[in-house]
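Input: a single structure, listed below in structure tokens.
The values are calculated or read from the model by the stated rules, or taken from the named source; none is laboratory data. What you see is a predicted model, and the numbers here were worked out from it, not measured in a lab. All Cβ positions, even for glycine, are placed from backbone atoms using ideal geometry, and neighbour counts span all protein chains on display.
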Amino acid sequence: MKSNTTRAWLAYPDSPEQPLYFLDREEQLIGRGEGCHIIVDDRYVSRRQAKIYWKAGLLILEDYGHNPILLNGEPIREVMLKDGDMLTIGSKQFIVRIISAKEEAQGEFGVHENIGKVENGWDESVAKSQMDYSVKSEKVRKGSFVRSILLALLAVLIGILLLYGAFLVYEKVLLPIKERHTPKIDKPTNRSFSENNRLASLRLTL
């Protein structure tokens with residue numbers, strides 16, 4: 001549950017005091033899909049990449065996308081966020097600001113030391129590592145897709161061969177056996193039919 005005495009938001013690292021997304025909901029979705037509260041328009045971000053939610057007054061990030069979010073340069077799956085944490089989502093970077101009402105009233109909150117790392121080029125190396133990881137993941141997904149298509153085609157081919165084999169077995173084995181065990185019925189010839197007509201005419205004459 002969100003604390004009423006705490007404010008939190010995401011901002012760009014170069015302007016941490018200018019909120020980009022307020023984290024004022026119990027739960028907010030992150031991704032590039034239209035249904036997300038925090039939309040990150042990046043090809044390496046899943047449609048539903050992660051969620052940020054409040055639990056017992058703590059801000060939790062849970063990531064379940066294909067390409068992991070980096071927290072201060074390290075991939076994570078579920079973690080408690082702190083003021084000044086740096087998030088790399090795809091090729092985008094955000095800083096987490098969590099300010100208590102008391103700190104905000106007294107003006108005691110400031111810029112976290114991670115901002116200095118960003119200014120010294122830390123964000124470029126993190127973004128590059130995330131990009132490399134994303135490219136590798138995309139290649140793996142494409143390879144899996146191609147393998148799936150090939151396996152599907154192979155399954156269809158095997159099915160066709162099995163049907164053809166069943167047809168040959170029926171034609172070469174089962175059909176001759178069936179014909180041997182089926183009694184033959186002689187059809188009446190034209191001669192017997194004519195004789196029957198002649199006998200019928202004689203009976204009528206008599």
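Laid out as a table, the results:
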| item | result |
| --- | --- |
| Members of region 62-76 that are part of a loop (DSSP other than H, G, I, E, B) and either closer than 18 Å to D42 by Cβ or out of contact with any Leu (no Cβ under 9 Å at 6 or more places or on another chain) (or both) | Y64, G65, H66, N67, P68, I69, G73, I76 |
| Selected residue [of a type in the set (K, R), part of a loop (DSSP other than H, G, I, E, B) and under 22 Å from the mean Cα position of the chain (by Cα)] from R25, R43 | R43 |
| Selection count, region 47-64, where residues are small (G, A, S) and surrounded by 19 or more Cβ atoms within 10 Å (Cβ to Cβ) | 1 |
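The rows are residues; the columns are (1) surrounded by 11 or more Cβ atoms within 10 Å (Cβ to Cβ); (2) within 36 Å of the chain's Cα centre (by Cα); (3) at pLDDT 85 or above.
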| site | (1), (2), (3) |
| --- | --- |
| A105 | no, no, no |
| K142 | no, yes, no |
| I160 | no, yes, yes |
| K172 | no, no, no |
